[in-house]
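See below for the structure under consideration.
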């Protein structure tokens, strides 16, 4: 038990350092997309910029709106970061961490709980912009979770279990992205929507909601929300690699592929404009849902055919 706890603490520290450098990577890439330099003053080539930003945010005075529901308002960013870090235990590290047989179900539970922190953060701020942003987040997350759950169910049918370690074994010869490329694209787009990233960042639409659900947050509270968002992006990148690109967390290629997916997250932000809200819902229910259901039917039929061939 003690060893597992120490392993989890090391994992949390590594994830937080990874979050720091993903923010630096994003600011650098967006800088070059917009033909400018990005952070390059603090440390060598701006490498210490994320840490100086963290020190600045956590040492600022914490402002609390007088009309807010104080305790809930204060705890939401902490809960959001806790969920974003807790979900990392499902990654099959094979080093004594909590690798368990129902890891896909655990991931779905964490994904569903994560929306509550956004919703309650917007409500407890007692600000109309925050409330509108949180309501959008609820509708958006629920819509895209349906497609994500169906895609996960497709893989559960294909590999015959809920353990993520099975995906590594099944992809030793052929990556799943080769046989289900449309499904990979649907999964990636749904991940963008789940993590509230461009072009699906309606919860914090600056043009009409000031800053969305986190309008009333500053200093440490904003930093925690920021860290939770980037921890989720990093996790979704790792999960994409596990599901579609294969590889063990013990290999260097696994992490290179994860960084490549994180780079695509940033690339999309620097390239695409925000969608219209009705287009977002149309995409979820009229485009992604039929594709997910068709692939689920295909995988179920494929598995039944294999079962019949083996036992006849």
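The values are calculated or read from the model by the stated rules, or taken from the named source; none is laboratory data. It should be emphasised that the depicted structure is a prediction, and the values quoted were computed from it without experimental measurement. Note that we place each Cβ from the backbone using ideal geometry, even for glycine, and neighbour counts take in every protein chain shown.
Points to keep in mind about this one:
- Scanning region 20-50 for residues that are over 13 Å from residue 263 (Cα atoms), touching a helix residue (DSSP H, G or I) at 6+ places or on another chain (Cβ under 8 Å) and part of a helix (DSSP H, G or I) gives 20, 46, 49, 50.
- Every residue from region 285-298 that is under 14 Å from residue 187 (Cβ atoms) and crowded, with 16+ Cβ neighbours inside 10 Å: 288, 289, 291, 292, 295, 296
- The C-beta contact set for region 150-162 (first residue free of Cβ contacts under 8 Å to residues at least 60 places away in the same chain, second residue part of a helix (DSSP H, G or I) and buried (at least 20 other Cβ atoms within 10 Å of the Cβ), distance under 8 angstrom, 6+ apart or interchain) comprises 152/104; 152/107; 156/104; 159/167.
- Any hit, region 133-147, residues being modelled with pLDDT of 85 or more and crowded, with 22+ Cβ neighbours inside 10 Å: yes
- Residue in region 209-220 that is farther than 26 Å from residue 22 by Cβ, part of a helix (DSSP H, G or I) and at pLDDT below 90 present: no
- Hey, residue 65 buried (at least 17 other Cβ atoms within 10 Å of the Cβ) and farther than 18 Å from residue 116 by Cβ or not: no
- In region 26-49, the residues that are in contact (Cβ under 8 Å) with a residue 40 or more places away in the chain form Cβ pairs under 9 Å with partners that are exposed (fewer than 14 other Cβ atoms within 10 Å of the Cβ), at six or more places apart or across chains, as follows: 30/36; 33/271.
- Among the residues making up region 41-56, those that are surrounded by 15 or more Cβ atoms within 10 Å (Cβ to Cβ) and closer than 28 Å to residue 272 by Cβ are 46, 49, 50, 53.
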